[in-house]
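The values are calculated or read from the model by the stated rules, or taken from the named source; none is laboratory data. Computed from a predicted model, the values in this text were never measured in an experiment. Methodologically, a virtual Cβ is constructed for each residue, glycine included, from the backbone with ideal geometry; neighbour enumeration extends over all protein chains shown.
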Amino acid sequence: MFAPSLAHLSYGRMAEGCGGDFLIGRHFMSDAKNGSTQRDPQQLRSARWTAPDDLRTFGHRSRLKQMGFADEDFRDKPIVAILNTWSDLNTCHSHLRQRAEEVKRGVLQSGGFPVEIPVMSLGEMLMKPTTMLYRNLLAMETEEVLRCHPVDAAVLVGGCDKTVPALLMGAISADIPSIFLPAGPMLKARWKNETLGSGSDVWKYWAERRAGNLCDGDWNEIENCIGRSAGTCMTMGTASTMACIAEALGMTLPGASCLPAVVAEHSRLAAATGRRAVDMAWEGLAPSKIISAKSIDNAITAQQAIGGSTNAIVHIIAMAGRAGLAMSLDRFDEVSKQVPVLGNIRPGGEYLMEDFYNAGGLGALLTRLNDVLHPDCLTVSGITLGEQIAGCEVIDDDVIRTRENPVSQTGGTCILHGNLAPEGCVIKTVAADPKLLQHKGPAVVFDNYAELKDCIDDPDLPVTADSIIVLRSAGPLGAPGFPEWGMLPIPKKLLDQGVRDMVRISDARMSGTSYGTCVLHVSPESHVGGPLALVQTGDEIVLDVERRSIHWNVSLKEIARRRAGWKEPEAKASRGYLSMFAKHVTQAHRGCDFDFLEGRSPGEEPDIF
Ligand code: FES
């Protein structure tokens, strides 16, 4: 069932030509090739904690022995931290305790000392108001957990949406050898004779239910079967997009991004990741040797070619910022113009992640983009991305399209500018109705999500299919936390008329599993006085994606009049983490990181007294 001919995905077997040597070997790469220096045990970072003969290190060793470990367990061995985002309230990570054990097995096989460290778990479904509020908190925790402990290398175990960028941002800042193990997507769901995709089919059938076309029994059946197994959403939502980006960046083993969470290969991937982490510790293969302007470009190429989540744009900018790389939103648009969408995966296409894996996965897709990739970028496997994908093969041309028959000739997302979004905004064209990509209509404005929720189904709402629904107070500060409200609901009276898409604009994000003609991430957001704050119901807005333009047809004089009457909203948090978030989070076009965390870490090590 799971394409055993895909040697590069068959963890535990020698995979010729696909970077598979590391699966069974140790230190297989020459130092010259990956620019790393093979260390001796005294050069390991953890040796500062365990090797010297002094009072403090006596305490470290004696307390490790308190836990039942002997000198043979940890002396002269790399300590590999397994940062695990498992939690009972993270619905997508229920298998990660077992995967952590499998990583440990791999670390022990390669002569390392594995230690599991639980870190904050950002479960998309149950965490409110939005996990995005806490992405930076997990990133800070990751950085500090790595810095303050005797860690020579880290395996970052995550998958549900924000856990991926958060773990990577922290590891990039800490700059300790790190490798990412994606949780993997869940299996495809079936209902009657339909294949159900996470998120996307929930929105679709919810619209039908609101239109009166789906009975209680059917709705209940969908609820019972749409979460098929452990793992992340199996559409090309944010989790799968970020896993693909991690692989394209060079931060995972080859083929890791698409491996379904519950197949045996995933367990073998976990062990292989643990083995490789030990080698990375000896080699000192830190993120600063992997993350570069070129590898970031590879990540953007992957995001466009898979028709990936718009959320990835914010996360890529934030990850690049941690590596000291200033990125403009416009880079996404430049890449978008060169890169077709080849991944025929929902919500922009037809298939699901399990199909993508069986069709060859990300590596196979990237072989069709050799001319726009930077193949010389180093990866955690110690070889280049080009070497890593060289032997990959597309098994199904309908799932991974050819350049001659793409899902879309250009990338899946576009960046728009105009007087409504001076710092830019985002639209996922591959998931929008093409007829609406050039559209002019009157705004129907909601001040906040609570007002929208109360009024959207009012039969007297002055809205037609040509209207443009506008939501403000939904950005990083306005909501706060930049929630995924951007796929604004279609008014019930239009649903009853058969309308299933219309132009919607907000300063919110939208779930990667969502779809529709939704203009997102409007920057600056309304809360800080961005133009969205001044739009009124009835104002004409013109969307022209071909020209990359979003224009608000209101005179400068009238805009000045409205601005004079605008008052800055009161701060929504006065204490704790929310207060820090409000003081330091950047706007969407800068990645929503904390301003004091941008740029490279100075590499300071803790004093050991
Ligand atoms: Fe966890 Fe979608 S809810 S990946």
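Would you call Asp447 under 24 Å from Met132 (Cα atoms) and within 24 Å of the chain's Cα centre (by Cα)?
no
Taking the residues in segment 398-414 that are in contact (Cβ under 8 Å) with a residue 60 or more places away in the chain and not in a loop (DSSP other than H, G, I, E, B) as candidates, determine which candidate is nearest to the chain's Cα centre (by Cα).
Filtering segment 398-414 for residues that are in contact (Cβ under 8 Å) with a residue 60 or more places away in the chain and not in a loop (DSSP other than H, G, I, E, B), the one nearest to the chain's Cα centre (by Cα) comes out as Cys414.
Checking the structure you have, find out if any residue of segment 118-129 is touching a Leu at 6+ places or on another chain (Cβ under 9 Å) and closer than 26 Å to Asp279 by Cα.
yes
Among all residue pairs at least 6 apart or on different chains, which show Cβ distances below 6 Å where the first residue, located in segment 90-101, is in contact (Cβ under 8 Å) with a residue 40 or more places away in the chain and the second is in a helix (DSSP H, G or I) and more than 13 Å from the ligand (Cβ to nearest atom)?
Arg99/Ala270
Being more than 23 Å from Asp398 (Cβ to Cβ), surrounded by fewer than 24 Cβ atoms within 10 Å (Cβ to Cβ), free of Cβ contacts under 8 Å to residues at least 60 places away in the same chain and more than 19 Å from the chain's Cα centre (by Cα): is that true of Glu350 here?
Against the criterion (more than 23 Å from Asp398 (Cβ to Cβ), surrounded by fewer than 24 Cβ atoms within 10 Å (Cβ to Cβ), free of Cβ contacts under 8 Å to residues at least 60 places away in the same chain and more than 19 Å from the chain's Cα centre (by Cα)), Glu350 does not qualify.
Could you list, in sequence order, all residues of segment 388-397 that are over 23 Å from Lys337 (Cα atoms) and either free of Cβ contacts under 8 Å to residues at least 12 places away in the same chain or aliphatic (A, V, I, L, M) (or both)?
Ile389, Ala390, Val394, Ile395
Could you list, in sequence order, all residues of segment 214-271 that are in contact (Cβ under 8 Å) with a residue 12 or more places away in the chain and polar (S, T, N, Q)?
Ser229, Thr232, Thr235, Thr238, Ser240, Thr241, Thr252, Ser257, Ser267 - these are the residues of segment 214-271 that are in contact (Cβ under 8 Å) with a residue 12 or more places away in the chain and polar (S, T, N, Q).
Kindly indicate which of Gly363, Gly411 is at pLDDT below 95, small (Gly, Ala, Ser) and in contact with an Asp or Glu (Cβ under 9 Å, 6 or more places away or on another chain).
After ruling out the rest, the residue left standing is Gly411.
Across segment 569-596, which residue is farthest from Leu520 (Cα to Cα) among those that are within 22 Å of the chain's Cα centre (by Cα) and part of a loop (DSSP other than H, G, I, E, B)?
Asp593
For segment 424-450, how many residues are part of a strand (DSSP E or B), in contact (Cβ under 8 Å) with a residue 60 or more places away in the chain and under 14 Å from Ser506 (Cα atoms)?
7
Name the residue that is farthest from Leu96 (Cα to Cα), counting only residues in segment 218-238 that are β-branched (Val, Ile, Thr) and not in a loop (DSSP other than H, G, I, E, B).
Ile222
Could you grab me the full set of residues in segment 74-91 that are within 16 Å of the ligand (Cβ to nearest atom), assigned to a strand (DSSP E or B) and crowded, with 24+ Cβ neighbours inside 10 Å?
Listed by number, the list is empty, since nothing qualifies.
Being crowded, with 19+ Cβ neighbours inside 10 Å, away from the ligand (no atom under 13 Å from the Cβ) and not in a loop (DSSP other than H, G, I, E, B) is the filter here; which residues of segment 148-162 pass it? Working first, answer last.
Within segment 148-162, the first condition is being crowded, with 19+ Cβ neighbours inside 10 Å, and the residues that meet it are 150-162.
The next check asks that each one be away from the ligand (no atom under 13 Å from the Cβ); those that pass are 150-157.
Once the filter is applied, which keeps residues that are crowded, with 19+ Cβ neighbours inside 10 Å, away from the ligand (no atom under 13 Å from the Cβ) and not in a loop (DSSP other than H, G, I, E, B), segment 148-162 yields Ala153, Ala154, Val155, Leu156, Val157.
Return the residues of segment 163-199 that are within 16 Å of the ligand (Cβ to nearest atom) and among the charged types (D, E, K, R); say none if nothing qualifies.
Once the filter is applied, which keeps residues that are within 16 Å of the ligand (Cβ to nearest atom) and among the charged types (D, E, K, R), segment 163-199 yields only Lys188.
For segment 287-303, indicate whether the set of residues that are among the basic types (Lys, Arg) and within 19 Å of Ser110 (Cα to Cα) is non-empty. Write out each step before concluding.
Going residue by residue through segment 287-303, those that are among the basic types (Lys, Arg) are 289, 294.
Next, from what is left, pick out any that are within 19 Å of Ser110 (Cα to Cα): none.
Taking every residue of segment 287-303 in turn, none turns out to be among the basic types (Lys, Arg) and within 19 Å of Ser110 (Cα to Cα).
Which strands (runs of 3 or more DSSP E) sit wholly inside segment 508-568 and have at least 2 residues that are more than 26 Å from the chain's Cα centre (by Cα) and charged (D, E, K, R)? Break it down into steps so the answer makes sense when it comes.
Values: elements: 518-520, 540-544, 549-552.
Filter on segment 508-568 gives 540-544.
If we keep just the residues of segment 470-493 that are among the charged types (D, E, K, R) and touching a Ser or Thr at 6+ places or on another chain (Cβ under 9 Å), which is surrounded by the fewest Cβ atoms within 10 Å (Cβ to Cβ)?
By that ranking, first place goes to Glu484.
Taking the options Gly363, Gly382, name whichever one is buried (at least 24 other Cβ atoms within 10 Å of the Cβ) and not in a loop (DSSP other than H, G, I, E, B).
Gly363
What residue, of Lys128, Lys204, is charged (D, E, K, R), in a helix (DSSP H, G or I) and free of Cβ contacts under 8 Å to residues at least 24 places away in the same chain?
Within the list Lys128, Lys204, the selection yields Lys204.
Within the group Cys425, Cys392, which residue is modelled with pLDDT of 95 or more, crowded, with 22+ Cβ neighbours inside 10 Å and closer than 30 Å to Val499 by Cα?
One residue alone meets the criteria, Cys425.
Going by the conditions given, is Ala286 modelled with pLDDT of 95 or more and either farther than 30 Å from Ser523 by Cα or among the hydroxyl-bearing types (Ser, Thr, Tyr) (or both)? Step through it out loud before you land on a result.
On the way: modelled with pLDDT of 95 or more: yes; either farther than 30 Å from Ser523 by Cα or among the hydroxyl-bearing types (Ser, Thr, Tyr) (or both): yes.
In short, yes.
Taking Leu133 as meeting all but one of (1) part of a helix (DSSP H, G or I); (2) of a type in the set (A, V, I, L, M, F, W, C); (3) under 19 Å from Ala582 (Cβ atoms); (4) out of contact with any Gly (no Cβ under 6 Å at 6 or more places or on another chain), write down the number of the exception.
The number of the failed condition is (4).
Among all residue pairs at least 6 apart or on different chains, which show Cβ distances below 9 Å where the first residue, located in segment 584-607, is touching a residue at least 24 places away in the same chain (Cβ under 8 Å) and the second is loosely packed, with under 13 Cβ neighbours inside 10 Å and of a type in the set (A, V, I, L, M, F, W, C)?
What qualifies is Glu598/Ala326; Pro606/Cys148.
Against the condition more than 25 Å from Arg346 (Cβ to Cβ) and more than 16 Å from the ligand (Cβ to nearest atom), how does Lys435 come out, does it pass?
No; evaluated as a whole, the condition is false for this residue.
I'd like the full set of residues that are touching a Ser or Thr at 6+ places or on another chain (Cβ under 7 Å) and in a loop (DSSP other than H, G, I, E, B), limited to segment 307-322.
Matches in segment 307-322: Gly308, Ser309, Thr310.
Does segment 100-117 include one or more residues that are farther than 22 Å from Gly591 by Cα and within 16 Å of the ligand (Cβ to nearest atom)?
Of segment 100-117, the ones farther than 22 Å from Gly591 by Cα are 100-117.
Next cut, within 16 Å of the ligand (Cβ to nearest atom) only: none.
No; the residues of segment 100-117 include none that is farther than 22 Å from Gly591 by Cα and within 16 Å of the ligand (Cβ to nearest atom).
Can you find a residue that is surrounded by fewer than 24 Cβ atoms within 10 Å (Cβ to Cβ), within 10 Å of the ligand (Cβ to nearest atom) and not basic (Lys, Arg) anywhere in segment 236-254?
No, segment 236-254 has no match at all.
Residue under question is Gly498, and the condition is that it be under 33 Å from the mean Cα position of the chain (by Cα) and either closer than 12 Å to Ala443 by Cα or not in a strand (DSSP E or B) (or both); does it hold?
For Gly498, the condition - under 33 Å from the mean Cα position of the chain (by Cα) and either closer than 12 Å to Ala443 by Cα or not in a strand (DSSP E or B) (or both) - is not met.
Just to check your reading of the model, which residue among Ala211, Ala286 is away from the ligand (no atom under 15 Å from the Cβ) and more than 23 Å from the chain's Cα centre (by Cα)?
Exactly one of Ala211, Ala286 is away from the ligand (no atom under 15 Å from the Cβ) and more than 23 Å from the chain's Cα centre (by Cα), namely Ala211.
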